[in-house]
Amino acid sequence: MQKDFENYIENKLYFLKEARLLIANSGGIDSVVITHLCHKLKLNFALAHCNFNLRGKESNADKDFVIKLGEQLDVEVFVQNFNTQDYANKHRCSIQMAARELRYDWFNDLAQHLDFDYILTAHHADDNLETFLINFTRGTGLNGLTGIPEINENIVRPLLKFSRAQIETYAKASDINWREDSSNSSRKYLRNKLRHNVVPILKEINPQLLDSFQSTLDNLNDTAYIVDESLNAVSKRAIIDIDEKGITYKISEFKKVNNPKAYLFEMFKDYGFTEWNDVVDLLDAETGKYVKSNTHRLIKHREFLILTDCHSELVSESHITMLISKSVVRNGKFEMPFGFLRFDEADALKENSKNIIFVDAEKLKFPLELRLWKKGDVFQPLGMTGKKKISKYLKDEKLSPVEKEDTWVLKSDNDIIWVVGRRADERFKVSKESKQILKIELKY
């Protein structure tokens with residue numbers, strides 16, 4: 001195996017030879033073997049060990065083993081202790097997911113701050129098969145069936161082409177010691193159930209299972225490239241705008257394809273959506289209808305779909321009123337969440353625009369208030385004799401739901417001076433009798 005590994009690095013992963021590497025080492029056979037293989041190749045690496053504190057003395061013994069291994073090989077060892085159970089409870093996730101997030105977040109922090117070029121993990125061919133089966137049993141798309149990527153940004157998995165049997169044979173032949181994780185024998189987790197109950201039967205049916213599986217992965221990945229090409233072509237036609245508020249898609253482009261649901265799934269699966277029939281229904285829904293995930297919303301607006309995040313910050317700010325004192329106005333500038341307001345004295349009336357208004361300063365009552373509009377707000381649009389609800393004004397302006405959410409109002413006492421960046425109020429306009437004129441400008 002040493003020779004095969006050396007050839008694989010030389011031909012496929014040659015960039016590792018000149019890189020500074022961080023090897024994730026649990027103390028188990030896979031990570032210990034990859035450590036010894038890299039050491040014999042004289043690669044430049046350090047070890048990183050996570051103590052998840054889930055198995056009491058056994059966890060601490062794993063940590064001590066990895067530290068000793070580092071001393072034996074004369075390589076640096078980094079150790080981090082985690083309270084994994086607390087993290088899982090706080091983030092409402094499984095212990096396995098908690099450990100994964102904690103592990104990779106810490107590895108990436110080490111790589112960033114200590115200039116490691118790549119992080120090596122010891123995933124092998126059997127891990128790849130188990131992951132495929134896990135995704136298959138839970139339900140997934142094509143990407144969930146294409147296997148663990150060998151290279152994923154700065155994560156590299158050099159053992160992915162080798163089997164668990166090859167690794168065990170090499171470890172025993174090389175008289176390599178390792179730690180056994182007692183949790184690996186438990187049938188509590190799905191991966192272990194598949195490993196101990198399902199995979200052995202599949203290998204009995206087909207002794208060359210891993211080779212056949214690798215051929216299947218190669219074929220699926222080839223198909224995935226074709227899917228990506230088609231998806232990119234539709235994306236280029238469908239996406240008409242990308243800005244800080246979200247991404248806007250033409251609905252007509254989804255309706256042109258033979259299977260809109262498939263394209264919608266591939267295009268939006270990474271945003272947490274799960275109710276795909278509801279997503280498809282948006283194509284013919286009324287304006288304003290939306291589908292929501294934990295992190296994003298997909299909104300129907302006229303002939304478009306708008307993908308935006310859930311605006312958690314805006315929701316929290318909707319109950320906040322920012323006060324603008326007279327001294328702030330004199331100072332000339334007030335910071336907003338999306339830009340700032342500039343205040344200047346004006347000696348003559350000029351025409352209002354969306355981003356610049358002129359008001360009669362003597363009509364203002366301080367402090368002024370700035371907040372997101374809310375249901376029930378009314379104002380008297382400049383040039384009109386009657387009042388109008390903000391909601392009706394925004395609808396008449398044909399704003400998207402996202403634009404409506406981002407609309408702010410500037411108030412004096414209980415009266416709206418300005419629907420910021422859109423329209424001023426008639427009651428504060430400058431007249432021939434005005435003695436003090438205040439220019440208010442929205443700048444981004």
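Quick note: the coordinates plus some simple rules give every number you see, no bench work behind them. Values in this document were obtained by computation on a predicted structure and should not be read as measured data. Note: ideal-geometry Cβ built from the backbone for every residue, glycine included; neighbour counts use all protein chains shown.
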request  = Could you state the orientation-averaged shadow area of the convex hull built on the Cα atoms of the stretch 219-310, in nm² to one decimal?
outcome  = 6.0 nm²
message = Viscosity 1.567 mPa s, temperature 4 °C: give me the Stokes-Einstein translational D for the stretch 320-443 in µm²/s, with Rh taken as the Kirkwood radius over C-alpha pairs.
response = 89 µm²/s
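Please list the three semi-axes, largest first and in whole Å, of the ellipsoid equivalent to the stretch 151-301, using sqrt of 5 times the eigenvalues of its alpha carbon gyration tensor.
44, 19, 17
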inquiry  = Can you find, among ASN355, ASN7, LEU69, the residue sitting farthest towards the positive end of the charge dipole of the chain, where Lys and Arg contribute +1 and Asp and Glu -1 at Cβ?
reply    = ASN355
request  = For the chain, give the magnitude of the charge dipole about the Cα centre (Cβ charges: +1 Lys/Arg, -1 Asp/Glu; no others), in debye to the nearest 20.
outcome  = 1740 debye
message = Could you compute Rg(Cα) / (2.2 N^0.38 Å) for the stretch 2-205, with N its residue count?
response = 1.02
ask   = Given charges of +1 on the Cβ of Lys and Arg and -1 on the Cβ of Asp and Glu, with all other atoms neutral, how large is the dipole of the stretch 320-443 about its Cα centre, in debye to the nearest 20?
value = 280 debye
key: Positive minus negative residues near ALA125 (Lys, Arg vs Asp, Glu; Cβ under 14 Å)   = -4
note = Number of Lys pairs in the stretch 213-325 closer than 12 Å at Cα, excluding neighbours under 8 places apart unless interchain, is 5
remark   = Given Cβ charges of +1 for Lys and Arg and -1 for Asp and Glu, the option among CYS310, TYR271, GLY288 whose Cα lies farthest towards the positive end of the dipole of the stretch 219-310 is GLY288
query = How many percent of Cα pairs in the stretch 226-271 exceed 12 Å?
reply = 63 percent
remark   = Rounded to the nearest 500, the 222 nm mean residue ellipticity computed for the chain from DSSP H runs (n ≥ 4, each -39500 (n - 2.57)) alone is -12000 deg cm²/dmol
ask   = For the stretch 320-443, with the dipole built from +1 on Lys and Arg beta-carbon atoms and -1 on Asp and Glu ones, taken about the Cα centre, which of GLN380, PHE366, GLY339 lies farthest toward the positive end?
value = GLN380
query = Only one of the listed values, (i) -0.67, -0.83; (ii) -0.90, -0.98; (iii) -0.75, -0.92, was derived from the coordinates as log10 I(q)/I(0) by the Debye sum over Cα atoms at q = 0.10, 0.11 Å⁻¹; which label is it?
reply = (ii)
